[in-house]
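Shown next, in structure tokens, is the structure this report addresses.
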Amino acid sequence: MDQGIAALLGATLGVLGTVLASTVNNWSNRQQVQAQLQAEKAQWHRQTRRDAYSAFLAPACEAQTALQAAGRAFVGTRDTPEVERRLRAAESQLQNARATCAHVAIEGPEAVERAARRVYTSLRSMQTNLLALADSPENTAHRNAGFLEHHAVEAAELSDRIREFTAAARDALSETGARQ
């Protein structure tokens, strides 16, 4: 083979090798960037969900505490000003829980949204029972006992629903983390 042709062939192969290596390197870099962007997006989404779930759970638990304390204020001699104060505190937390429940609905998934709505519904039911008890005459011990018994059942159900919400939220966050 002629030295000129060999040199030309060598140079051509060198240029093709460089172009091929550059193409493979660019493709690899693009894949890495896309994988990094997806990981960052998943982390952002997971953090957004965590924030929404926490923002709902905090006022829901505060409302639960206030409603349970209001129920205890009915035991024995009714402390009407204390009952009213605790019911107002619960109402404030219920409004916060309702607002943050909307964020949970947006962030999802559906299982967590359903669990949050069950918590909120239980809180409102518990509040309605206590408001009815507050409107009942104080001297009807038998009727008040029925309200308080119903309140105790609702309090236990609410605790179960909060646990269910927490478990659903944990599962959703774990699924989001596993996809990373």
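Highest mean first, the peptides 34-46, 107-119 sorted by other C-beta atoms within 10 Å per residue fall in the order 107-119, 34-46. The candidate values are [x] 113; [y] 101; [z] 204; the one derived from this structure for volume of the Cα convex hull per residue in Å³ carries the label [y]. Here the contact order of the chain, divided by its residue count and restricted to Cα pairs under 8 Å and six or more residues apart, works out to 27 percent. Segment ALA105..GLU157, full-extension length gain: 16.5 nm, with 0.36 nm per residue of separation and the alpha-carbon distance subtracted.
Approximating the spin labels as points 7 Å out from Cα along Cα→Cβ, the ARG98-to-THR77 distance works out to 3.6 nm. A 1.4 Å probe run over the protein chains yields, for the chain, 62 Å² of accessible area per residue, whole-number rounding. The distance separating the Cα centre of region 29-95 from that of region 98-160 comes to 15 Å. Only one residue of SER122, VAL104, GLY146 has its Cα farthest out toward the positive end of the dipole of region 94-160, where Lys and Arg carry +1 and Asp and Glu -1 on Cβ, and that residue is VAL104. Computed over protein heavy atoms with a 1.4 Å probe, the carbon and sulfur contribution to the accessible area of region 35-118 reaches 53%. In this label model, LEU20 and THR121 are separated by 6.5 nm, measuring between points 7 Å along each Cα→Cβ vector. Computed from label points 7 Å out along Cα-Cβ, the spacing between LEU13 and ASP135 is 9.4 nm. Stretched out straight at 0.36 nm per residue, the stretch from LYS41 to ARG88 would grow longer than its current Cα-Cα span by 12.9 nm. Note on the chain: with charges restricted to the Cβ of Lys and Arg (+1) and Asp and Glu (-1), its dipole about the Cα centre is near 100 debye.
The values are calculated or read from the model by the stated rules, or taken from the named source; none is laboratory data. As the structure is a prediction and not an experimental result, all values here were calculated from the model. Cβ: placed from backbone, ideal geometry, glycine included. Neighbour counts: every protein chain shown. Please note that ligands, DNA and RNA were not included when accessible areas were found on the heavy atoms of the full protein model with its side chains. Shrake-Rupley method; radii C 1.70, N 1.55, O 1.52, S 1.80 Å.
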